[in-house]
Amino acid sequence: MSRVAHPAGPRHADVLPAEHPPAPPADLNALDPAIWPRSARRADGILNLGGIDVRDLAGQHGTPVFVLDEEDFRGRCRDFVQAFGDQAAVFYAAKAFCCRGVLRWAAEEGLGVDVCTGGELEIALAAGVDPAMITMHGSNKLLAELERAVATGVGHVVVDSFEEIARLAYLTEERDARTDGRPAGDRNAAKKAGAGRAPRVLVRVTTGVEAHTHEFVATAHDDQKFGFSLSSGAADEAVRRVLAAPSLDFAGLHSHIGSQIYDTAGFDVAAHRVLELAVRIRAEHGVHIDELDLGGGFGIAYVPEDDPADIKVVAQSLHDIVRAQCAAAGLEVPRLTVEPGRAIAGPGTVTLYEVGTIKDVDGLRSYVSVDGGMSDNIRTALYGAEYTCALASRESAAPPMLSRLVGRHCESGDIVVRDTYLPADLAPGDLVAVAATGAYCRSMASNYNHVPRPPVVAVRDGASRVLLRRETPEDLLSLDEG
């Protein structure tokens, strides 16, 4: 049951009035395994993550702190690889959360990495990811970013505009001209390093399919900035231009229909429309697409009402969709690629906060203020995201108290969890944990009000280590040239 209306309107009357509070849970101390990290347990009433008492984590690393269950992250990588099988490729979408540690984990578990900026590309390279296993995305890639991608030999570039096709063709032609002027030994060394290989180009297609999601994270309808429209013929023309560029290697087509998708109906329609384009490509150019990238957007559970499909079911369904569409069109079956980000990074991270103040507002609800807020989790303010939270540093038998978990920033919209229940005996100094904060929280964090960004700490088998350290006031001052 959602409390945030979708722009397309209510589905099956399952949108509650905006101020209608949820019902209290049966047990405030319970941890729903569909929402919390796989290692989350209560021991003597205290939340443990990766075998570590959260009070010890807060004592060692401070609060707020993102606590990332390493085995949860790795396990979800393995789940995707096993579910999609040898006839498919899985690339981790680094935008969900990007640091050297997690990109290294993804690569070690057999995944490629999707990047969409030069910064993400540099982190992937620094993590030791094979450039051939990197895909470069972005709706407005800077010339320097394309130059770097070509120079390092990234495996794929997903083109998003006619200007970008021209830039990429120019860069690769210039590279080839320079390489051809080298002695044979130098040319061979360049090719071994990836510099002599033509980028495998995927044309991003907007299919007109809008997954049932928030307007700001729906990416496949025509009126938006991504990709080439099928309905206008722009996608067909983009393919023509890629094929006409001798320095480019056309690999196939890419489609991404949105985020937080719980079923495969949207993928079915999108795949059908993309493969109709593949039929036209074969008819016009005599070319079969080698690869079909259906993007990511696989949903996760943030609250008990969320019900994402099992990834094994999703994988089987997507394979069936592609095979059936290809059989109907007489096409060779291309390699299927998917790009999970949130589905891998999201569930395994918890944000720990310390309670600062508690205000009862006219008996309506209690405002529970914590030592973080919209600077470490903008998603609630940005598009009404919902979360599950719990008292973490102890258990309580007190009755449920309707609460709003809020931050320390000077904004009335500084809300972490809009409607939740916490024990009525909650007190300053208690630790509260917010589940499923691994995707798009630290990656979208800011220094609003000059608050330093929190650290990310990995936990596994009773040990913790810092992946990203806590920022300090000195870090902020180091940028101030005044």
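Could you please give the count of residues in the range 235-275 that are under 15 Å from T206 (Cα atoms), part of a helix (DSSP H, G or I) and open to solvent by 20 Å² or more (accessible area, probe 1.4 Å)? Before you say what the answer is, go through the steps one by one.
So in the range 235-275, the residues under 15 Å from T206 (Cα atoms) come out as 235-239, 252-259, 266-275.
In the following step, the residues that additionally are part of a helix (DSSP H, G or I) were identified as 235-239, 266-275.
Going one step further and asking which of them are open to solvent by 20 Å² or more (accessible area, probe 1.4 Å), we end up with 236-237, 268-269, 272-273.
Within the range 235-275, residues that are under 15 Å from T206 (Cα atoms), part of a helix (DSSP H, G or I) and open to solvent by 20 Å² or more (accessible area, probe 1.4 Å) number 6.
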Self-check item: Residues that are modelled with pLDDT under 95 and in a strand (DSSP E or B), drawn from the range 1-50
Solution: S2, V15
Quiz item: Quick one: would you say L168 is over 18 Å from A251 (Cα atoms), in contact with a helix residue (DSSP H, G or I) (Cβ under 9 Å, 6 or more places away or on another chain) and open to solvent by less than 10 Å² (accessible area, probe 1.4 Å)?
Solution: no
Practice problem: Find all pairs meeting these conditions: Cβ atoms under 6 angstrom apart; at least six residues apart or on different chains; first residue within the range 42-67 and over 22 Å from L28 (Cα atoms); second residue modelled with pLDDT under 95 and not in a helix (DSSP H, G or I). | Solution: none
Quiz prompt | From the options D114, D56, residue that is at pLDDT 95 or above and in a helix (DSSP H, G or I) | solution = D56
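Filter the range 423-469 for residues that are of a type in the set (D, E) and surrounded by fewer than 18 Cβ atoms within 10 Å (Cβ to Cβ) and give the result.
Within the range 423-469, the first condition is being of a type in the set (D, E), and the residues that meet it are 425, 430, 461.
Within the range 423-469, D425, D461 meet the criteria.
Taking strands (runs of 3 or more DSSP E) that fall entirely within the range 321-374, which contain at least 2 residues that are open to solvent by 20 Å² or more (accessible area, probe 1.4 Å) and either more than 25 Å from L405 (Cβ to Cβ) or among the charged types (D, E, K, R) (or both)? Walk me through it before giving the result.
Details: elements: 335-338, 349-361, 365-370.
Because the criterion is at least 2 residues that are open to solvent by 20 Å² or more (accessible area, probe 1.4 Å) and either more than 25 Å from L405 (Cβ to Cβ) or among the charged types (D, E, K, R) (or both), the strands (runs of 3 or more DSSP E) in the range 321-374 that meet it are 349-361.
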Practice problem: Hey, could you check the range 129-149 for residues that are open to solvent by 10 Å² or more (accessible area, probe 1.4 Å) and in a helix (DSSP H, G or I) and say which is nearest to A93 (Cα to Cα)? | Solution: M133
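Here's the yes/no breakdown for (1) of a type in the set (A, V, I, L, M, F, W, C); (2) at pLDDT below 95:
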{"position": "L382", "(1), (2)": "yes, yes"}
{"position": "H409", "(1), (2)": "no, no"}
{"position": "D414", "(1), (2)": "no, no"}
{"position": "L422", "(1), (2)": "yes, no"}
{"position": "V432", "(1), (2)": "yes, no"}
{"position": "H450", "(1), (2)": "no, no"}
{"position": "P454", "(1), (2)": "no, no"}
{"position": "A458", "(1), (2)": "yes, no"}
{"position": "D480", "(1), (2)": "no, yes"}
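The values are calculated or read from the model by the stated rules, or taken from the named source; none is laboratory data. The model shown is predicted, which means the values in this text are computed figures rather than measured ones. Note: ideal-geometry Cβ built from the backbone for every residue, glycine included; neighbour counts use all protein chains shown. Accessible surface is based on the protein model in full, side chains and every heavy atom, while ligands, DNA and RNA are left aside. Shrake-Rupley method; radii C 1.70, N 1.55, O 1.52, S 1.80 Å.
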